1. Any residue in segment 60-72 that is more than 17 Å from A325 (Cα to Cα) sitting within a Cβ distance under 9 Å of a residue that is of a type in the set (V, I, T) and loosely packed, with under 14 Cβ neighbours inside 10 Å? List the pairs, counting only those 6 or more apart or interchain.
2. Please name all residue pairs, on different chains or six or more residues apart, with Cβ atoms under 6 Å, provided the first residue is in segment 262-281 and is without any contact (Cβ under 8 Å) to a residue 40 or more places away in the chain and over 19 Å from V171 (Cβ atoms) and the second residue is open to solvent by 20 Å² or more (accessible area, probe 1.4 Å) and of a type outside the set (S, T, Y).
3. For segment 1-103, please list each of the helices (runs of 4 or more DSSP H) lying entirely inside it that holds at least 3 residues being within 25 Å of K151 (Cβ to Cβ) and open to solvent by less than 10 Å² (accessible area, probe 1.4 Å).
4. With respect to G217, determine if the residue is open to solvent by 10 Å² or more (accessible area, probe 1.4 Å) and assigned to a loop (DSSP other than H, G, I, E, B).
5. For a quick check of your reading of the model, give me the residue pairs whose first member lies in segment 222-236 and is over 17 Å from Y250 (Cβ atoms), whose second is at pLDDT below 95 and open to solvent by 90 Å² or more (accessible area, probe 1.4 Å), with beta-carbon atoms closer than 7 Å and at least 6 apart or on different chains.
6. Looking at segment 299-319, is at least one residue open to solvent by less than 10 Å² (accessible area, probe 1.4 Å), closer than 25 Å to P76 by Cβ and either at pLDDT 95 or above or of a type outside the set (V, I, T) (or both)?
7. Pull up segment 244-290, narrow it to residues that are aromatic (F, W, Y) and within 30 Å of G366 (Cβ to Cβ), then point me to the one that is surrounded by the fewest Cβ atoms within 10 Å (Cβ to Cβ).
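The values are calculated or read from the model by the stated rules, or taken from the named source; none is laboratory data. What you see is a predicted model, and the numbers here were worked out from it, not measured in a lab. So basically every Cβ, Gly included, is an ideal-geometry build from the backbone, and we count neighbours across all protein chains shown. Calculation scope for accessible area: heavy atoms of the full protein, side chains included, ligands and nucleic acids excluded. Shrake-Rupley method; radii C 1.70, N 1.55, O 1.52, S 1.80 Å.
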Amino acid sequence: MSAVPAALKELRDAYDDRAAAIRRWRATGAPVVGCVGADVPVELVTASGALPVRLAGDPGRDRALADHYLGTGLDPASRSILAGLLRGEPDLDLLLVSNDCAGSLRLFYTVRELQRLGVEPALPRTHLVDILHLPHRTTTRYNRVRLAETKELLERWSGRRIGEDDLSDAVRQHDEARRLMRALRRLRTAERPALRGEEALIAIGAGAALPAGDHAGLLDRLLRAEADLPRHDGRRIYLTGSAHDGPAVYRAIEDAGHVIVADDHDWGDALADPLVGEPTLDALAERYQYRGPTSARSSIQVRARQTAAIAERSRPDLLVSYVRAMDEAPAWDFPAQRRAAGVPAVILEHRRYGELGDDALPLITGALGAARPKGEAL
């Protein structure tokens with residue numbers, strides 16, 4: 001087997017079976033910290049000697065008990081995460097929840113209340129990481145205080161002081177993984193992409209349960225074997241809208257002959273930006289404050305500027321906004337995104353979690369009828 005299939009297989013295995021990575025880590029005797037949302041400072045978790053594991057939902061998971069506690073009017077991805085926690089999946093020593101969206105915040109308060117009432121005593125000890133995203137220096141100072149609190153919490157919990165060398169090494173590892181994620185863009189946006197969108201999603205998302213250094217190593221192996229990767233043809237799609245913590249929607253679009261050359265959610269390409277740089281709490285505070293804009297916490301104008309920049313580098317034939325049911329905010333961005341992208345666009349609203357929907361491919365095909373393939377003569 002060549003290095004390319006081996007690297008892709010290992011990334012896919014890590015993506016599909018996060019429990020295996022957790023078991024390997026536990027065999028070393030070190031603890032595991034669950035992370036909900038992309039605003040949890042994984043660098044501090046790594047520096048404390050624990051493994052940060054970002055929790056994902058599962059569309060096939062039984063959500064009945066979680067729905068009993070959370071109700072059904074919340075994004076099903078958050079409800080699915082709670083359903084897993086209630087079943088003890090994954091096996092965690094601590095849970096850190098970020099305030100990155102309404103679903104994450106509701107999940108945090110629900111877990112804390114269940115623990116307070118003694119209803120679900122097996123739930124892990126849980127803390128909120130309240131990072132804000134306003135473009136002000138006062139916001140940076142607020143975030144630094146929250147990160148200092150998180151650092152002190154991890155030190156008390158682990159019984160281990162996070163020293164300058166610990167933080168420096170952790171920042172270096174996570175930033176290196178992000179640099180390599182950025183390098184994947186070149187493979188996706190080539191004239192004939194060397195990496196499909198689903199493959200990129202999996203390569204990036206494999207880091208959800210791998211130590212940062214291991215993840216960077218696998219990404220580096222994949223990038224070094226670029227010359228051996230197959231090239232893909234098909235109409236180029238920029239996928240925006242709701243986040244995707246699983247590959248089913250990507251697979252359905254690309255199995256129909258299209259290629260997803262860009263996305264902008266925090267389970268995909270947006271996870272790479274920005275880097276931390278200096279190994280300080282101030283630099284960490286700015287990194288998470290200015291993390292890529294999302295519909296839940298950014299203005300329509302900011303999202304439109306982001307869309308224009310991504311469209312310029314990825315040269316899509318079509319902008320597709322996939323909007324999951326109970327996650328309506330992306331639909332508000334779509335008109336401005338459509339104008340900013342400068343290409344035909346289609347919105348797929350009220351989608352079931354993890355499903356493209358039977359009407360989606362005809363809608364995409366119809367919209368592509370208005371898009372002229374690259375290089376086609378006028």
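1. Hits for this filter: Y69/V119.
2. Correct list of pairs: H265/A243.
3. It comes to 42-47.
4. no
5. none
6. Yes.
7. By that ranking, first place goes to W267.
Listed here are the residues, each with its yes/no results for (1) over 22 Å from the mean Cα position of the chain (by Cα); (2) more than 23 Å from G234 (Cβ to Cβ).
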| position | (1), (2) |
| --- | --- |
| G292 | no, yes |
| S299 | no, yes |
| S321 | no, no |
| A336 | yes, yes |
| L368 | yes, no |
